[in-house]
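What follows is a set of notes on a single structure, which appears directly below.
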Amino acid sequence: MASIRTNKLKSGVSYTLMWREGGEARGLTFPDKGEAERWKQLLDANGQSMTAANQVYEKSRLDGPTVAEAIQQHIDQLVDVTPYTVKRYREALRLHFNGPLGTLKVVGVGHSDIVDWVRWMQQRGLSPKTINNKHGLLSAAMLTQVRAGTIPRNPCAGVRLPKKRRVGDDGDDIDMHDYRAIRAKMDPHFQPFTDFLVGTGCRFSEATALTGKDFLFDNLPPLVLINKAHKLGGDENPARYVGDPKSAKSRRRVSLAPSTIKAVRPLVEAALADGGPVFRMKDGGVMTHQAFFNRCWKDAREAAGFGAGSRKHITVHSLRHLHASQLVHQGMPLYEVSARLGHTSIQITADLYASFMPDAHFSAAEHAARALGEVPELPELDELDESA
């Protein structure tokens, strides 16, 4: 870290900026304390390299908004987004664009600046998913500047990002044996709810917003209508509320298996009678993530052997992954799985669950064996362990 030394002179006061670069102590004196502090911040943000700090300084003198200002402008212009989304974007601006990139003028940002930002995010230990998400916000803000005529092209285009994980990479995969073990340790009041999550793949926020009228048991096939979800409020009104689902594709009809209908029918009938939500806490209160985790999931998971020290990091969201992986394993086409889950694109589904496609593994093994001059003897599908 650079430091500032105050020098008392007969003619007044000066300020010497001290730092180490290339193993050598260096100093630069300024008559103004504010200017010395500005260069200290530049040095600290650029690895104590005066060359890099000077490049950032020169770019900051260009006309137009800084990157941080451009992101704020983009957030201010958003329409049809929830207050909580705006809150998250503002938090992202504060946390992830407070380094060198945020101070650069948009017109001076190039490909290498975005790459440096990605590396800076990695050095802070942020996950590939987080980096990809924040890069998406940055790219959208830059595209807004392209449309405004500030810059001719988006500097985020073509930047290689860390590969996002697939289900199972972090131990969040779960099989039916795991679920049954957890379910057996669970308070019976919550078993129909988790059975529903496993049987439909619905998001927690979607399931907890369901009312009795959303279930069409007499339809062929029986369906549940997903057309709303619980939302978190923004800065002005942080209260939880029921609003639109995550995306347009999240509005969907999900068919119900007989076992799922059997599990939830009593709750649906009770909800139709009193007009309340289908899934509630044991005391009748609203089922939130935190309440469900504290009063059910945490203890049941630990009692089943998946607590601290377990190889698997099983979360409530893992039940959605379980539903999807079972469908993929049974051979359901990815586009059908994608539609059932309410993903915005089939690419998301493929990125998450392609590794669960048994036929793809067999085909790859067969091609590899033929290339080596061998003919593989592969097991039949019904001989496979369903938990793979």
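All of the numbers you see were taken from the coordinates with simple rules; none came from a lab. None of these values were measured; they are calculated from a predicted model. Virtual Cβ from ideal backbone geometry, glycine too; neighbours counted across all protein chains shown.
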Just the ratio, please: alpha-carbon radius of gyration of the chain over 2.2 N^0.38 Å, N its number of residues. 1.29
So between residue 24 and residue 79, what do we pick up on full extension, going 0.36 nm a residue minus the alpha carbon distance? 14.6 nm
What residues of the range 327-352 lie in the reach of a label at residue 129, counting those whose backbone N is under 14 Å from a point 7 Å from the Cα along Cα→Cβ? 348-349, 351-352
Gain in length, residue 244 to residue 139, computed as 0.36 nm per residue apart minus the alpha-carbon separation, to one decimal in nm? 35.3 nm
Along the Cα-to-Cβ line of residue 219, 7 Å from the Cα, sits a label point; which residues in the range 250-275 have backbone N less than 13 Å from it? 251-257
Approximate spin-label separation residue 303-residue 251, in nm, with each point projected 7 Å along Cα-to-Cβ: 4.2 nm
Output the peptides 94-104, 185-195 sorted from most to least packed, where packing is the average of other Cβ atoms within 10 Å over each peptide's residues. 94-104, 185-195
Check: the chain dipole with +1 on Lys, Arg Cβ and -1 on Asp, Glu Cβ, in debye: 1580 debye
Burial ordering of 111, 135, fewest other beta-carbon atoms within 10 Å first: 111, 135
Nearest-0.05 FRET efficiency for residue 147 and residue 290, computed from C-beta distance (R0 51 Å): 0.80
When the convex hull of the Cα atoms of the range 276-338 is projected onto a plane and the area is averaged over all directions, what value comes out in nm²? 6.2 nm²
Counting Lys and Arg as +1 and Asp and Glu as -1 over every other residue whose Cβ sits under 12 Å from the Cβ of residue 156, the net charge comes to +2
Give the span of the range 67-148's Cα atoms along each principal axis, as three whole-Å numbers ordered largest to smallest. 33, 28, 17
State, to one decimal in nm, how far the label point of residue 346 lies from the label point of residue 98, with both points 7 Å from Cα in the Cβ direction. 4.3 nm
Within a 10 angstrom radius of the beta carbon, how do 336, 69 rank from fewest other beta carbons to most? 336, 69
Along the Cα→Cβ direction, 7 angstrom out, place labels at residue 9 and residue 332. What is the inter-label distance in nm? 7.6 nm
Could you check what % of the DSSP bridge pairs in the range 176-356 are antiparallel, to the nearest 5? 100 percent
Run the paramagnetic zone check for residue 227: 7 angstrom along Cα to Cβ, then residues of the range 233-272 with backbone nitrogen under 18 Å. 242-256, 272
Please report 115, 159, 56 as a ranked list, fewest other C-beta atoms within 10 angstrom at the top and most at the bottom. 115, 159, 56
What number results when the radius of gyration of the range 1-106, computed over Cα atoms, is divided by 2.2 N^0.38 Å? 1.38
Where the centre of each part is set by its Cα atoms, how far does the range 1-50 sit from the range 293-313, in angstrom? 52 Å
Set 129/282; 105/163; 129/228; 87/298 screened for pairs whose C-alpha atoms are more than 31 Å apart: 129/282
Add -39500 (n - 2.57) for each DSSP H run of 4 or more in the chain, then divide by its residues: what number comes out at 222 nm, to the nearest 500 deg cm²/dmol? -14000 deg cm²/dmol
